[in-house]
Structures are given as structure tokens and as C-alpha cells.
Amino acid sequence: MDIVIRAVVVFAFLWVAIRISGKREVAQLSAFDMILLVTVGDLISQGILQEDYSLTAAMLAVSTFALAAMALAFLTRRFPRARPVLEGLPRIVIRDGEPLLNVLASEQLTFDDLAEGARQNGIRRFSDVELAVLETDGVFSFFTRPAEESDPRDGAATDDRPL
């Protein structure tokens, strides 16, 4: 039973740590973050299993993590009001062609992260974007203006800068 309790405590700690860090997907992790995550994995296994390196202890710890993840998913479905706390909320990061730098900062994203997301969606200029949303899974959703509604400032130096 000791292994199950330690696994639940570590799961809760990791969930809080990931939520606080603002990272929403593996693609947002830097190389150092990834190495740190792998290293933490080894430390966590030692903390949960202590001196018990049996197959049973490992399966018990992994099963506890899986059940805790399923419990979070159940709570998210069952109690929609808890969803913002458990999963986060989508955030608007571009409105009317203007990146919202304060939102990017609060989500620990750089301007370059936003530009990369735009390029991956075939967007050449932020001025073409009516609205961009950072989804809870870390993916950007871009809503562009129809061609006839393009920004009349097409010649403006800041908006025509290629991404």
C-alpha cells in the first residue's frame, strides 16, 4: 500500500509542476526540459519504489499512475466547472493581426513560438490573422480573414515582415 500512496503523491506533484510550468505538449519542451524530464523519471521511480525493484512494485506504480490519469479524465468529464483547473483554458494570442504579448508571456511562449505556429499553418503575416487561439493541448488555431477583407495596411512595415 505504501507504493500506491507514494505514486499518488508523486502523480499529484508532477501534475501541479506541469500545470505551473505552462508547458502543454512535448513539442513545447526545450532540449534541457526533455533531459530534465527523463532524469526526473529515474528519480521518481526511486522515490516511489524505494528499495523494491520487483516487477510487482513497478506494475503497481504504473497502474496507480494510469488510474490517477483516468480519474482526472473522469473528473474533467463529470464536472465541467473543474475543467479550467484540470486542463486549462484556451487563450487568445492574436486579435485583429496583433499578437498579445502579455498572453504569450503568461503562457511562457515566445514570439518565435507563435511565428512558427503561423508558418506551420501557411500564414505569412500576422495581419492576415483575425484571431489565433492557443488550445489546451498546446496547438494553435488560426482564423484568417477572407481575401476580400484583408488588412488595408498591406504595405505597413511591421505587418508585412515575413514570419
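Bear in mind these aren't lab numbers, they're just calculated from the coordinates by the rules spelled out. Keep in mind that what you see is a predicted model, and the values were worked out from it rather than measured. For neighbour counting, all protein chains shown are included, and Cβ atoms are generated from backbone atoms with ideal geometry for every residue, glycine included.
Taking the simple approach of a point 7 Å from Cα along Cα-to-Cβ for both VAL62 and GLU116, what is their distance in nm?
Simple spin-label model gives 3.1 nm for this pair.
Would you please name the chymotrypsin sites (Phe, Trp or Tyr not before Pro) within the stretch 43-140 that are DSSP coil residues with at most 13 other C-beta atoms within 10 Å of their C-beta?
Hits after loop and neighbour filter: TYR53.
Modelling each spin label as a point 7 Å along the Cα-to-Cβ direction, I'd like the LEU89/LEU101 distance in nm, to one decimal.
Label-label distance for LEU89 and LEU101, simple model: 2.4 nm.
Please report, in whole Å, how far the alpha carbons of the stretch 63-144 spread along each principal axis, starting with the longest.
In descending order, the Cα extents are 46, 24, 21 Å.
To one decimal place, what Kirkwood hydrodynamic radius in Å is obtained for the stretch 70-113 from all pairs of distinct Cα atoms?
By the Kirkwood definition, the hydrodynamic radius is 12.3 Å.
In the stretch 89-140, which GluC sites (Glu not before Pro) fall in coil by DSSP and have 14 or fewer other Cβ atoms within 10 Å?
Those satisfying the criteria are GLU135.
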